[in-house]
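First the structure, in the form of structure tokens, and then the observations on it.
What follows draws every value from the coordinates through simple rules; no lab data is involved. Since the structure is predicted, the reported quantities are computational estimates derived from the model, not experimental observations. Here Cβ is always computed from backbone atoms with ideal geometry, including for glycine, and neighbour counts include all displayed protein chains.
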Amino acid sequence: MSDNNIDAIIEKYRGQPGSLIHALVEIQHENHWLPREVMHQVADALEVPFAQVMQIASFYKAFSLTPKGRHEVHVCTGMTCHLRGAPKLQAKVEELTGLKDGETDADSRFTFETGACLGSCSIGPELIVDGKHYGRMTPEKVADVLKRYE
Amino acid sequence: MSAMSEIILTIDDKEVKVTAGMTVLQAAQQAGIYIPTLCHHEKLEAFGGCRLCIVEVESRGWTSYVVSCLYPVAKDIVVRTRSEKVDKIRKVIVEELMAHAPDAPELVRLAEEYGADRERFERKESFCIVCGLCVRYCDEVKHLNAVGFIDNGAKREISFIPEVAKNVCWECQECFALCPTSYAQAAYLLTEALAFPGQRKELSPPAKAPESGRRVIPIMPVAATR
Amino acid sequence: MTKLQSVAELEKFRAEILFRRDPAKPCIAVCAGAACDGMDSAAVAAAFLAEVARQTLGDKLEVRTTGCHGYCEKGPNVVVTPGEICYFEVQPTDVAEVIAATLKGEVVDRLVYKDPNTGAKAVHMNEVPFYKHQMRLLMGDNPKIDPMLIDDYLAVGGYAALVKALTEMTPQQVLDEVKKANLRGRGGGGFPAGSKWETTRNAPEKTKYVIVNGHEGESAAFMDRAMLTGNPHKVLEGLIIGAYAIGAQRGFMYTRHDMPLLEKHVRNALAQAKEYGLLGENILGSGFDFECELHFDVGIFVSGESSALMRSIEGNPPEPRPKYIRTSVSGIWDKPSNLNNVETWANVPQIISKGAEWFTSIGTEKSKGTKLISLSGNVVNSGIVEVPMGTPLRTLAFDIGGGVRDGKTLKAIHFGGAMGGSIPTDLIDAPLDFDGMSKLGAPIGAGGLLLMDEDTDMIEVARYLLDFLVNESCGKCAPCREGMPQMLHILTNMTQGKGKAGDLERLEDLAEVTGLGSLCALGKTSADPLKSMFRYFKPEYEARIVNIAGGSGTK
């Protein structure tokens, strides 16, 4: 995380209220979450009411208003994965990490999320960690995958 | 440019002459025909959220169900403000809203009119029916944005922004009288109690007349309630 | 690379590309589509490249990473030309053998397709059952193109349609051709694209926009992402032609934020098109100016709805507007905006090149052309399939899909994701057709087709789909925001054995009112899966009530 980078992003979009989503996406990408003070800075620089920044940040699921863990663990819950056993996979991840959908653990190791179809239905059900796809998963294989991520 | 073009349409078998650019709701109001609304306010942009003003429109052989607060008048359309389907839609919407605010006076009145059963659906007494009057008023009329929407879907709620609310709300309080369930006022007070107790900015006691005919719950100074 | 300033320069450049390429030179095409990538096809491609380098075979053999071939089930996919030899489930350890066989003009037997029942082998693409029943007008080029190389697209005739449109046709003529072709929207609406183009073109405002909707939020639909990642230039070419016809100066490609490869390929395609002078001012000397930018969704299904998407491009929350405020007249920043789906745009170049008459010769009376179908669920062969409209569902499910996996029987077919419906097996001979499928209660939607086997709990499916939509609703209008969770609550109770008397009537009322009263298609169609279940699987629902309420309270 770098304050300078966040400042640079905000400066890039200064005075452009229409670029609110672009700015927030870049900050989320850079920082992995949107701190409230940063949202205020964005509101001031882009000349939009803070209430609007808050609405966008809370509406869209790509944004996180709380700090995320080092690794993002994702179980696809799209229709095919669901038919092929995603709920069991989800239950296993919940059991091993102690996290429910949307939660981050106290050591900031994992953030767990479920979400809709990522387009690789043919290898469902899937576990995705930090963008890497683990296809044709079974609950038995989950522990091994998670072990690789400190 | 000639005089604004005139449109003739039928509402409840009555021929109505209006000008182009009006909505069906405005046309009905002009003709003295009543259509219930909840999220509508003449000072605010039409929202189309509560859907209570829904009407049946027949146009070029097609029948559709549209919200009259947004639907533009057009030549030769036939509008029905009451019908079996329209009434059913309104009834079920009222039942859905009463799951959140079963005692809100306007909902109680509508329930009686449409035969709605307040117990029909699972209760979730959040008291907010997400009509957006407070949010939109604060944005479009006051330009203060002290209260906004957060989250999406059934989780959507109003949220007073403490950093803004503490400086502007006590002096204004105009949205409280707009709220059909009195939730806006409660939400503000809760936000104040949790986020900035004793720190609201107040220069003089508020003296605002209600914006609508809705019942206003008088705001008691915190000291007086102890 | 200097900008191509005229059609003559483009054609000369294309000729030079073709001259440098030897069509007889063997090429190994490794699929890098989403599923194959998830099965580490990148390692396979890297192994091929390393081995070719090690043996210094660069002048004898070409290795190419391509977009999705379609047979996702059997990835990593490799296609060797000449001959279109299909190898499946290729691993890095197979690489040396494949290279050796290719150089000798031979085939690696153990990697080719084998029928699971008869063991019969099929070597060439036109023999493999999965491929041979398809008509791959849009997907066919994928194995021939590296999406990062615009020259590959030019080599297969890319941008020739744009040239024809700009030099031989007026904008009105282009529009008329698309209208005559009866190209209907492939994103779910099935609305005639030509009419939409015309409304936008005729809108009084001078500033106009065109948009590619690549959001693809429909669950189990993955063909748009495959198209955009695998052949972005085809979509772009369609967009530029459309912009020319409509009179738009600026375009937006709107897609998902969660696919790094897609982003990389589209950004690169836009940059290369600009570099070549196919985007920007005075395209190929025609006097037509057009710019295109990339936008991302931020993680919510409703932002795939056309009017919501436009709010999102503006930087606002994606709240849909009612359809009677037509976005072709008032869209982004209230300017006329023509939005079409990825697949719809991808169809445009061929309509211009080969003509509307050719296009209308494919398909049924009211549904023309081919359709991309994402085949998945409990199917044996899942992947992306392209068939002419009118193809019976049976062909899709059995001849191409290979039937139901694990030896089970088929119970239902689902189309249209959370806004579609399920139909039972006895309707399996129904033809693929927009209106026909809508009448049956299972609208094609974006084309995500799922097979559901005998163990599928239809109440659970309806519950699951509603659960998805409840999370994706924007929350603006009461019928959707309130109605859907109430339906979900009742269905959840039913799946947990707590169904009670009156539940079915409550569900039916909620389904009706949510359908009629909601602001946008999300709410309006949210109860459609449930309605299809009531139509075809009602006994299953009634049984859940009867059993619990002790024999009372059914209806």
Shape category assigned to chain B from the gyration tensor of Cα positions, a/c cut at 1.5: prolate
Crossing angle, helix C:41-54 versus chain C [Cα axis fit, 0-90 degrees, rounded to tens]: 10 degrees
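Out of every Cα pair in segment C:370-453, what percent are spaced more than 22 Å from each other? Walk me through the numbers on the way to the answer.
Values: 364 of 3486 pairs.
Tail fraction, whole percent: 10.
Sort C:144-153, C:213-222, C:271-280 by packing, meaning the average of other beta carbons within 10 Å per residue, with the highest value first. Provide the component values of the computation, followed by the final result.
On the way: C:144-153: 20.7, C:213-222: 29.3, C:271-280: 18.7.
Per-residue mean Cβ counts within 10 Å order the peptides as C:213-222, C:144-153, C:271-280.
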Separation of the B:A195 and C:D406 label points, Cα + 7 Å toward Cβ, nm: 5.0 nm
Positive-end extreme of charge dipole, the protein assembly as shown - chosen from C:L451, C:N213, C:L432 (charges on Cβ): C:L432
Rounded to 10°, Cα long-axis angle of helix A:50-59 versus longest principal axis of chain A: 10 degrees
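For the protein assembly as shown, what mean projected area does the convex hull of the alpha carbons give, in nm²?
Values: hull surface 169.8 nm².
Averaged projected hull area, Cα only: 42.5 nm².
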Three-way shape label, segment C:416-555, alpha-carbon gyration tensor, a/c 1.5: oblate
Computed P(r) (all Cα pairs; chain A; 10 Å bins; percent): 11, 36, 27, 20, 7, 0
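Lys and Arg at +1, Asp and Glu at -1: add these up for the other residues within a Cβ distance under 10 Å of C:G416 and post the number.
On the way: positive: none; negative: C:E218, C:D528.
After counting each charged neighbour, the total is -2.
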Formal net charge of residues neighbouring B:F127 (Cβ-Cβ distance under 11 Å; K, R +1; D, E -1): -2
Segment C:467-549: Lys pairs at Cα distance under 24 angstrom, eight or more positions apart or on different chains: 7
Cut-off under 5 Å, modelled amide H: who pairs with C:C292 long-range: C:G251
Segment B:68-78 - phi-based ³J(HN,Hα) in whole Hz, Karplus 6.51/-1.76/1.60, Gly and Pro as x: 5, 6, 10, 6, x, 5, 8, 4, 6, 6, 10
Inter-chain Cβ neighbour average for residues C:444-454, partner chain, 10 Å: 1
Average beta carbon contacts from partner chains per residue of A:130-137, 10 Å cutoff: 3
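Under Stokes-Einstein, with the Kirkwood radius over Cα pairs standing in for Rh, what whole-number D in µm²/s applies to segment B:113-202 at 10 °C and 1.306 mPa s? Before the final figure, lay out the partial values.
On the way: Rh = 14.0 Å.
For these conditions, the coefficient is 113 µm²/s.
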Debye intensity ratio in log₁₀ form over the Cα atoms of segment C:325-431, taken at each q of 0.12, 0.14, 0.18, 0.21 Å⁻¹: -0.58, -0.73, -0.99, -1.15
Packing-based ranking, highest mean first, of C:533-539, C:202-208 given that Cβ atoms within 10 Å are counted: C:533-539, C:202-208
Karplus 3J(HN,Hα) series, Hz, for segment A:84-99 with 6.51 cos²θ - 1.76 cosθ + 1.60 (x for Gly, Pro): 9, x, 4, x, 5, 5, 4, 4, 5, 5, 4, 5, 6, 9, x, 10
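Which value, in debye to the nearest 20, describes the size of the charge dipole of the protein assembly as shown about its Cα centre when Lys and Arg Cβ atoms bear +1, Asp and Glu Cβ atoms bear -1, and nothing else is charged? Please list the in-between numbers first.
Details: 103 positive and 121 negative charges, 189 e Å.
Dipole about the Cα centre, nearest 20: 900 debye.
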Amide H contacts of C:T65 (H built 1.01 Å from N, under 5 Å, at least 5 apart or other chain): C:V30
Helix C:232-246 vs. chain C, principal-axis angle (Cα, 0 to 90°, nearest 10): 80 degrees
Segment C:443-458 - phi-based ³J(HN,Hα) in whole Hz, Karplus 6.51/-1.76/1.60, Gly and Pro as x: x, 4, x, 7, x, x, 10, 10, 9, 10, 8, 4, 8, 6, 8, 5
Average other protein chain Cβ within 10 Å of Cβ, residues A:62-71: 1
Tensor-based shape of segment C:158-360 (alpha-carbon gyration tensor, a/c under 1.5 rounded, otherwise prolate or oblate): rounded
Above-threshold pairs, the threshold being 18 Å between Cα atoms, out of B:K17/B:K75; C:K366/C:K439; C:K408/C:K439; C:K196/C:K274: C:K408/C:K439; C:K196/C:K274
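More than 20 Å apart: what percent of Cα pairs in segment A:14-72 qualify? If you can, show how the numbers build up before the last one.
Details: 278 of 1711 pairs.
Percentage above 20 Å: 16.
Helix-only mean residue ellipticity at 222 nm, chain C, DSSP H runs n ≥ 4 weighted -39,500 (n - 2.57), per residue, nearest 500. What is it? Mind dumping the intermediate values first?
Working: 21 runs with 231 residues, N = 555.
Calculated from helices alone, the mean residue ellipticity at 222 nm is -12500 deg cm²/dmol.
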Long-range amide H partners of C:C27 with built H, under 5 Å: C:E62, C:T81
Cα-based Rg / Dmax (Å) for chain C: 24.4, 80
Sum of side-chain charges, C:T200 neighbourhood, beta-carbon under 10 Å (Lys, Arg +1; Asp, Glu -1): +3
